[in-house]
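Trainee: My questions all concern the structure below.
The values are calculated or read from the model by the stated rules, or taken from the named source; none is laboratory data. Here the structure is a predicted model, which means the values were calculated and not measured. Cβ coordinates were reconstructed from backbone atoms using ideal geometry, including for glycine residues, and neighbour counts include every protein chain displayed. The accessibility values were calculated without ligands, DNA or RNA, using every heavy atom of the protein model including side chains. Shrake-Rupley method; radii C 1.70, N 1.55, O 1.52, S 1.80 Å.
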Amino acid sequence: MWKGYGLVLLSATGFAFIPIFALYAYDSGVTVTTLLFLRFALATLFFFLYLWLKEKNWKVSRSHLLYLFLLGGIFYMMQSSFYFQSVKYIPSSLAALLLYLNPIFVAIFSFFINKEKLTKHIIIAILLSFSGMLLVLGAPEGKIQPLGIALAVGAAIVYSIYIIVGNKVTAHVPSITASAYIALFAALSFFAFGIGSGTLHFQFDAKGWLPIIGTSFVSSVLAMLTFFAGMNIIGPTKAAILSMIEPIVTFLLSMAFLHESISSIQMIGGLIVLSGAMLVVTTKEHKPRKKSTSISA
C-alpha cells in the first residue's frame, strides 16, 4: 500500500508544477490551447516510442479503445473547458476549491458503482481535507454567479467520472498503454478545438519550449503514469483524497519559483490537508473474516 501512496503523491507533485510551467509559457506568448495540445502531443510521442521499443503487445480491444477515447478526448476536454469557463464568473480560488470536491463525488460514485465502502475514516478524511482547502485558498472576493459555481462543480463531477472510468480501464490495460492512448486522444481533441476556434498557433518565443517540455514530461508522462499505477494499488477514493495535496505543493513551488508569499492561515490549512491525506494513509484496510474467505461452489 505504501508504494501506491508514494506513487499518487509523486503524481500530485507532477501535476502541481502545471501552474508554474504555464505562467512561464504564457510569458513566452504560448496560448492555453497550444500549451495543452503540445503537452499531450509530446507525451504521446514518448509513450508510443516507449511501447514500440519495450512492449511486444501494446494493442487494446475496441471496447477499451472506446473507453480510452472517452477519458482523453471527452472527459479531459470537458473538465478543462468547464473549469476555465468557470473562472469567468467566479474567483479562481473558489473555482479551484470547488474542483477539489471531486473526492466526495469519487467516493459516492465508487459506493454505487464499485460497491466500495464509505468508511468513517474516509468520510472524516474528505471533510478534513476540504476544510483545509478552505483555509489554503482563502475567502474568495468578488461577485459570485451561480453559473460559475455550476461550471466548477461540473468540472469536479467530470473529473470524478474520469477517475472512476480510468480505474476500471487500467485494471485491464497496462498503465503506460492507457496513458499513451489517453494522451493521444487528448492531443487530438485540443488540436481539433484549436483549429476550430483559431486559438492554436506556434508563433511564440523559443524559450517557451522549455516550460512546454516540462509540462509534457513532468506534468503529463510522470504524473499520469504514477497516478494510474498508484490508483491500481490503493483504489480511486484514496487516490483522489491524497491528490488534494497538489495545491499545497503548488503554493510551495510558487514561493520558490515565483516568490509568492503564503499567510499563516494558509500554512495551517495546508497542514490540515496533509492531516487528511495522512489519515487515508494510516487507515487500515478492512479485512474480511476467515469464515468468508472460503470459495463456494
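Trainee: Where does each of His64, His172, His121, His259 land when they are ordered by accessible area, with a 1.4 Å probe and the largest first?
Mentor: The ordering from most to least exposed comes out as His259, His172, His121, His64.
Trainee: If you don't mind, another one. Dividing the Cα radius of gyration by the Kirkwood radius, what Rg/Rh value follows for the range 1-282? Provide the component values of the computation, followed by the final result.
Mentor: Values: Rg = 18.3 Å, Rh = 19.2 Å.
With Rg and the Kirkwood Rh in hand, the quotient comes to 0.95.
Trainee: If you take the beta carbon distance between Leu23 and Ser197 as r and set R0 to 22 Å, what does 1/(1 + (r/R0)^6) give as a FRET efficiency, to the nearest 0.05? Provide the component values of the computation, followed by the final result.
Mentor: Details: r = 22 Å, r/R0 = 1.01.
Plugging the Cβ-Cβ distance into 1/(1 + (r/R0)^6) gives 0.50.
Trainee: If you don't mind, another one. Take the cross-link list Lys3/Lys238; Lys117/Lys238; Lys168/Lys238; Lys115/Lys238; Lys115/Lys168; Lys59/Lys115 and give me the ones stretching past 18 Å between alpha-carbons. Please list the in-between numbers first.
Mentor: Working: Lys3/Lys238 13 Å; Lys117/Lys238 12 Å; Lys168/Lys238 15 Å; Lys115/Lys238 15 Å; Lys115/Lys168 13 Å; Lys59/Lys115 30 Å.
Beyond 18 Å: Lys59/Lys115.
Trainee: Now a separate question. Using a 1.4 angstrom probe with every protein chain in place, what is the largest-first accessible-area order of Trp209, Trp52? Numbers along the way, then the final one.
Mentor: Working: Trp209 105, Trp52 175 Å².
Accessible-area ranking of Trp209, Trp52, largest first: Trp52, Trp209.
Trainee: Still on this structure: What number, in nm² with one decimal, is the all-direction average of the projected area of the convex hull of the alpha-carbon atoms of the range 113-245?
Mentor: Working: hull surface 45.5 nm².
Its average projected convex-hull area is 11.4 nm².
Trainee: Would you kindly compute the Cα radius of gyration of the range 1-50 and its largest Cα-Cα separation (Dmax), both in Å?
Mentor: For the range 1-50, the Cα radius of gyration and maximum Cα-Cα distance read 13.9, 43 Å.
Trainee: What translational diffusion coefficient, to the nearest whole µm²/s, does the range 1-124 have by Stokes-Einstein, given a Kirkwood radius computed over alpha-carbon pairs, a temperature of 20 °C and 1.002 mPa s viscosity? Write down the numbers at each step before the final one.
Mentor: On the way: Rh = 18.0 Å.
Estimated via Stokes-Einstein, D reaches 119 µm²/s.
Trainee: Run the simple label-point estimate for His121 and Phe217 please: 7 Å along Cα→C-beta, distance reported in nm.
Mentor: 3.9
Trainee: With θ set to phi - 60° and the Karplus curve 6.51 cos²θ - 1.76 cosθ + 1.60, what are the ³J(HN,Hα) couplings of the range 153-168 in order, to the nearest whole Hz, using x for Gly and Pro?
Mentor: Values, residue by residue: 5, x, 4, 5, 5, 4, 5, 5, 5, 4, 5, 5, 5, x, 5, 5 Hz.
Trainee: Counting only protein chains, not ligands or nucleic acids, how are Leu258, Leu53 ordered by accessible area (probe 1.4 Å), most first? Walk me through the numbers before you get to the answer.
Mentor: Details: Leu258 50, Leu53 115 Å².
Ranking Leu258, Leu53 by accessible area, largest first, yields Leu53, Leu258.
Trainee: How much area per residue is accessible in the chain when the probe is 1.4 Å and only protein heavy atoms are counted (Å²)?
Mentor: Working: 15270 Å² over 297 residues.
Heavy-atom SASA per residue in the chain reads 51 Å².
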